[in-house]
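First comes the structure, then the notes that go with it.
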Amino acid sequence: MSRTKARFKNWKAPKIVHGKPTKYNWNVLYPEGLKLGKNTDIGAYTLIVAKHGVEIEDEVQIGSHCSLYSYSTIDNKKGKIVLKKNCRIGTHSSVMPGVTIGENTIVGAHSFVNKNLPSNVIAAGVPARVLRKLPKKPRD
């Protein structure tokens, strides 16, 4: 059994209540707008604002202290966020409204993602930009 499969052998989605931390200490506003895939790993103190939709597909990892905003009160942008299968978001990163992050993509720590990122790349920065392409095989 691979390390990933062993790690999530007994995985269960946490109870999610608007504005209350989950048992893993991450928080969701408007949980009715959240679609959470299987075997996800979301770090403590992450905030997910799902008012206009947030879809987190299977096997996604999100570091601690991240923010996913499906709407922004600063510029009134709104839109669904989609984190495709097996993507990884580094600690302290922010994902803005309407962004899709592709399958197997890795976002470096402290990044600001305000545009879509393709599959199989490493991206980082403020704003995030593609640094290099990855092989198309999924990690184990």
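The numbers here are math on the coordinates, done by the rules we state, and not lab data. Since the structure is predicted, the reported quantities are computational estimates derived from the model, not experimental observations. Quick reminder, even Gly has a Cβ in these numbers, built from the backbone with ideal geometry, and neighbours come from all protein chains shown.
Just a few scattered comments:
- Sequence-distant aspartates and glutamates (8 or more away, or on other chains) whose Cα lies within less than 19 Å of Lys9: Asp41, Glu57, Asp58, Glu59, Asp140
- Listed values for region 53-59 are Karplus-derived 3J(HN,Hα) couplings in whole Hz (6.51 cos²θ - 1.76 cosθ + 1.60, θ = phi - 60°), namely x, 9, 10, 10, 6, 4, 6, and x replaces Gly and Pro.
- For region 109-117, 3J(HN,Hα) computed residue by residue from phi via the Karplus equation (6.51, -1.76, 1.60; θ = phi - 60°) reads 4, 6, 8, 10, 9, 10, 9, 4, 10 Hz, glycine and proline entered as x.
- Signed unit charges on C-beta, dipole axis of region 3-133, positive-most listed residue Val49, Pro14, Pro31: Pro14
- Positive minus negative residues near Lys35 (Lys, Arg vs Asp, Glu; Cβ under 12 Å): -2
- Over the chain, the fraction of Cα-Cα pairs per 10 Å bin, rounded to whole percents and listed from the shortest bin up, is 13, 46, 34, 7, 0.
- Whichever lysines have a C-alpha closer than 20 Å to that of Lys115, once near sequence neighbours (fewer than 8 apart) are set aside: Lys51, Lys77, Lys78, Lys80, Lys84, Lys85, Lys133
- Ellipticity at 222 nm from helices only: DSSP H runs of n ≥ 4 in the chain, each -39500 (n - 2.57), divided by the residue count, give -500 deg cm²/dmol.
- Amide H contacts under 5 Å for Ile81, placed H, 5+ residues apart: Val54, Glu55, Gly98
- DSSP bridge pairs, the chain: antiparallel proportion in percent, nearest 5: 20
- Taking the Cα centre of the chain as reference, the dipole from Cβ charges on Lys and Arg (+1) and Asp and Glu (-1) amounts to some 360 debye.
- At an R0 of 35 angstrom, the distance between the Cβ atoms of Phe112 and Asn10 translates into a FRET efficiency of 0.50.
- Integer Hz, Karplus 6.51/-1.76/1.60 couplings in order for region 9-26, x for Gly and Pro: 3, 10, 5, 9, 4, x, 5, 10, 10, 3, x, 10, x, 6, 5, 9, 6, 10
- Cβ-based exposure ranking for Ile62, Ile74, in which fewest neighbours within 10 Å come first: Ile74, Ile62
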